[in-house]
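> Here you go, one structure.
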Amino acid sequence: MLFPPASCSRLIVKIGSALLVGADGEVRRDWLAGIAADIAARARAGQQVAVVSSGAIALGARRLGLARGGRASLEDAQAAAAVGQIALSQVWAAVLGAEGLTAAQMLVTLDDLEDRRRYLNAAATLDRLLSLRVVPVLNENDSVATAEIRFGDNDRLAARVGQAAGAGGVLLLSDVDGLYDRNPALPGAHHIARVERIDGAVEAMADHGSASGMGSGGMVSKISAARIANAAGAHLAIASGRVERPLSAEARHTLFVAERAAPARKAWLAGGLTARGTIRVDAGAAKALRGGASLLAAGVTALEGRFGRGDLVAIVGPDGPLARGLAEYDASEAERLIGRRSEEHGALLGYAPRSALVHRSHMALL
């Protein structure tokens, strides 16, 4: 087992479209029954499991006869999702029910997990369902999501769900068995079994494609998901689902190791996907932030985006993404403060300045 119950009381399992739906557009029911049996075994051992299930668009596209698996346009995807989600939920209820388990359906949008109040509501619902030994089955609400406001893949959704549920582990079952140092189709590709820290070298290994052509998430989205999960203190594994009973099989996989859990609010900030702007900082400021300091204007080199006070912003250092936090100023005010020392701010703004552009209490390092 990748996450034994003894070390992971709550587990999120994400299942990709290519695993759940066969080439004929129908559910691979026998394989899915094996997943249900594995979940039941883990439940008996005391582990609480939630499932993030892809497949609604693929199932709906088959029933509607839509081209490109229902992804030719946003409208096709929304229509396919609306039809397919009913079929998907019925299948999950049946296979889990056969194991004596109760299934619950939760459809969420990006806004549900990016807005703090709605995030807390979703987290409370997940907690109650899991405490009642129900198996929540989640999916993005693709029938109402737009191109601009959506996760776009269930890898990052699974990581965000893991964060909301307080899970110790997230398992991404896919058509690949983990991370390779290059596209696994290329000669000499080397499998990476364990990642202690996600850095530029790890990100460079990611292949952008989805091997099946049915799903929407490639290795880039999986590494992004690992960042979100690890920031919340959850380990994340990428494993192949191209085996029977993948939750109990000893199969090759890649494990992204979480160092420690962040406070809940900071974990939510670190996992945010919809930053309204970017603040670029110099090496000195980057070093200070890593040491626990707030972000001061003196170390800022550039701003991007039109954000307001309280909006989520990304902070980027010379070596790449560094932190996320809530802006203390709007973009027009912050622009006037770039590179200026704190004692100059009052004269520049005409009022008593705040202590920082982004305060350390409202910031999460990546």
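> Taking A314 as the residue in question, decide whether it is surrounded by fewer than 21 Cβ atoms within 10 Å (Cβ to Cβ) and either part of a strand (DSSP E or B) or touching a strand residue (DSSP E or B) at 6+ places or on another chain (Cβ under 9 Å) (or both).
Values: surrounded by fewer than 21 Cβ atoms within 10 Å (Cβ to Cβ): yes; either part of a strand (DSSP E or B) or touching a strand residue (DSSP E or B) at 6+ places or on another chain (Cβ under 9 Å) (or both): yes.
Judged against the criteria, A314 is a match.
> If you don't mind, another one. Scan region 260-278 and tell me whether some residue there is over 15 Å from the mean Cα position of the chain (by Cα) and part of a strand (DSSP E or B).
Yes, there is a match, as at least one residue in region 260-278 is over 15 Å from the mean Cα position of the chain (by Cα) and part of a strand (DSSP E or B).
> If you go through region 171-188, how many residues are open to solvent by less than 30 Å² (accessible area, probe 1.4 Å) and more than 27 Å from A323 (Cα to Cα)?
The qualifying residues number 2.
> Do we have D142 as open to solvent by 30 Å² or more (accessible area, probe 1.4 Å) and either in the same structural domain as K14 (by the TED database) or touching a helix residue (DSSP H, G or I) at 6+ places or on another chain (Cβ under 9 Å) (or both) here? Talk me through it step by step, then tell me what you get.
Values: open to solvent by 30 Å² or more (accessible area, probe 1.4 Å): no; either in the same structural domain as K14 (by the TED database) or touching a helix residue (DSSP H, G or I) at 6+ places or on another chain (Cβ under 9 Å) (or both): yes.
Taking the combined requirement at face value, the residue does not satisfy it.
> So, in region 156-183, exactly how many residues are farther than 30 Å from A123 by Cα, in contact with a strand residue (DSSP E or B) (Cβ under 8 Å, 6 or more places away or on another chain) and part of a loop (DSSP other than H, G, I, E, B)?
Taking region 156-183 and keeping what is farther than 30 Å from A123 by Cα, we get 180-183.
Right, trim to in contact with a strand residue (DSSP E or B) (Cβ under 8 Å, 6 or more places away or on another chain) and you get 180-181.
This time we only want the ones that are part of a loop (DSSP other than H, G, I, E, B), so: 181.
Of the residues in that region, 1 qualify.
> Quick check: anything in region 71-81 farther than 30 Å from R276 by Cα and either surrounded by 15 or more Cβ atoms within 10 Å (Cβ to Cβ) or within 20 Å of the chain's Cα centre (by Cα) (or both)? Steps first, please.
So in region 71-81, the residues farther than 30 Å from R276 by Cα come out as 80.
Filter once more, keeping what is either surrounded by 15 or more Cβ atoms within 10 Å (Cβ to Cβ) or within 20 Å of the chain's Cα centre (by Cα) (or both): 80.
Yes, the conditions are met somewhere in region 71-81.
> To continue, here is another question. Report whether or not L236 is open to solvent by 20 Å² or more (accessible area, probe 1.4 Å), at pLDDT 90 or above and in the same structural domain as D142 (by the TED database). I'd like the intermediate steps shown before the answer.
Working: open to solvent by 20 Å² or more (accessible area, probe 1.4 Å): no; at pLDDT 90 or above: yes; in the same structural domain as D142 (by the TED database): yes.
Considered against the rule, which asks whether it is open to solvent by 20 Å² or more (accessible area, probe 1.4 Å), at pLDDT 90 or above and in the same structural domain as D142 (by the TED database), L236 comes out as no.
> Let me ask something additional. Inside region 46-71, can you point out the residues that are assigned to a strand (DSSP E or B) and among the hydroxyl-bearing types (S, T, Y)? Give the derivation first.
The first filter runs over region 46-71 and keeps only residues assigned to a strand (DSSP E or B), leaving 48-53.
Answer for region 46-71, where residues must be assigned to a strand (DSSP E or B) and among the hydroxyl-bearing types (S, T, Y): just S53.
> Exactly one condition in (1) farther than 30 Å from L74 by Cβ; (2) out of contact with any Phe, Trp or Tyr (no Cβ under 7 Å at 6 or more places or on another chain); (3) of a type in the set (V, I, T) is false for I192; which is it?
Failing condition for I192: (2).
> Does T278 fit the bill of being among the β-branched types (V, I, T), surrounded by fewer than 18 Cβ atoms within 10 Å (Cβ to Cβ) and farther than 30 Å from T109 by Cα? Spell out how you get there, then give the answer.
On the way: among the β-branched types (V, I, T): yes; surrounded by fewer than 18 Cβ atoms within 10 Å (Cβ to Cβ): yes; farther than 30 Å from T109 by Cα: no.
Taking the combined requirement at face value, the residue does not satisfy it.
> Applying the selection to region 47-66, what residues are within 10 Å of A79 (Cβ to Cβ) and either of a type in the set (V, I, T) or surrounded by 24 or more Cβ atoms within 10 Å (Cβ to Cβ) (or both)?
Of everything in region 47-66, those that are within 10 Å of A79 (Cβ to Cβ) and either of a type in the set (V, I, T) or surrounded by 24 or more Cβ atoms within 10 Å (Cβ to Cβ) (or both) turn out to be I57, G60, A61.
> Let me ask another. Being assigned by the TED database to the domain that holds P353, under 30 Å from A158 (Cβ atoms) and assigned to a helix (DSSP H, G or I) is true for just one of L322, L289. Which residue is that?
Values: L322 fails: assigned to a helix (DSSP H, G or I).
The conditions single out L289.
> Given the structure, is L348 loosely packed, with under 14 Cβ neighbours inside 10 Å and among the hydrophobic types (A, V, I, L, M, F, W, C)? Talk me through it step by step, then tell me what you get.
Working: loosely packed, with under 14 Cβ neighbours inside 10 Å: yes; among the hydrophobic types (A, V, I, L, M, F, W, C): yes.
It is true that L348 is loosely packed, with under 14 Cβ neighbours inside 10 Å and among the hydrophobic types (A, V, I, L, M, F, W, C).
> Does A80 fit the bill of being under 25 Å from A164 (Cβ atoms), at pLDDT 90 or above and small (G, A, S)? Outline the logic, then answer.
Values: under 25 Å from A164 (Cβ atoms): no; at pLDDT 90 or above: yes; small (G, A, S): yes.
For A80, the condition - under 25 Å from A164 (Cβ atoms), at pLDDT 90 or above and small (G, A, S) - is not met.
> On to the next question. It is to be established whether one or more residues within region 332-340 are under 20 Å from A270 (Cα atoms) and open to solvent by 40 Å² or more (accessible area, probe 1.4 Å). So that I can check it myself, show each step before the final result.
Initial filter on region 332-340 (under 20 Å from A270 (Cα atoms)): none.
Within region 332-340, none of the residues are under 20 Å from A270 (Cα atoms) and open to solvent by 40 Å² or more (accessible area, probe 1.4 Å).
> Moving on. What tally of residues in region 104-136 results from selecting those that are crowded, with 19+ Cβ neighbours inside 10 Å, at pLDDT 95 or above and among the β-branched types (V, I, T)?
1
> If you go through region 228-258, how many residues are in contact with a strand residue (DSSP E or B) (Cβ under 8 Å, 6 or more places away or on another chain) and free of Cβ contacts under 8 Å to residues at least 40 places away in the same chain?
As a first pass, look at region 228-258 and keep what is in contact with a strand residue (DSSP E or B) (Cβ under 8 Å, 6 or more places away or on another chain): 229-231, 234-241, 246-247, 251-258.
Those left that are additionally free of Cβ contacts under 8 Å to residues at least 40 places away in the same chain: 230, 258.
Matching residues across region 228-258 total 2.
> Another question, then. What do you reckon, is D38 more than 21 Å from A229 (Cα to Cα), modelled with pLDDT of 95 or more and assigned to a helix (DSSP H, G or I)? Spell out the reasoning first.
Working: more than 21 Å from A229 (Cα to Cα): yes; modelled with pLDDT of 95 or more: yes; assigned to a helix (DSSP H, G or I): yes.
Yes, satisfied.
> With (1) free of Cβ contacts under 8 Å to residues at least 60 places away in the same chain; (2) not in a helix (DSSP H, G or I) as the list, and E343 as the residue in question, which single condition is left unmet?
(2)
The values are calculated or read from the model by the stated rules, or taken from the named source; none is laboratory data. Just so we're clear, the structure is a prediction, and the values are computed from it rather than from any experiment. Cβ sites come from the backbone with ideal geometry, for glycine too, and all protein chains shown count toward neighbours. Note: areas computed on protein heavy atoms with side chains; ligands, DNA, RNA excluded. Shrake-Rupley method; radii C 1.70, N 1.55, O 1.52, S 1.80 Å.
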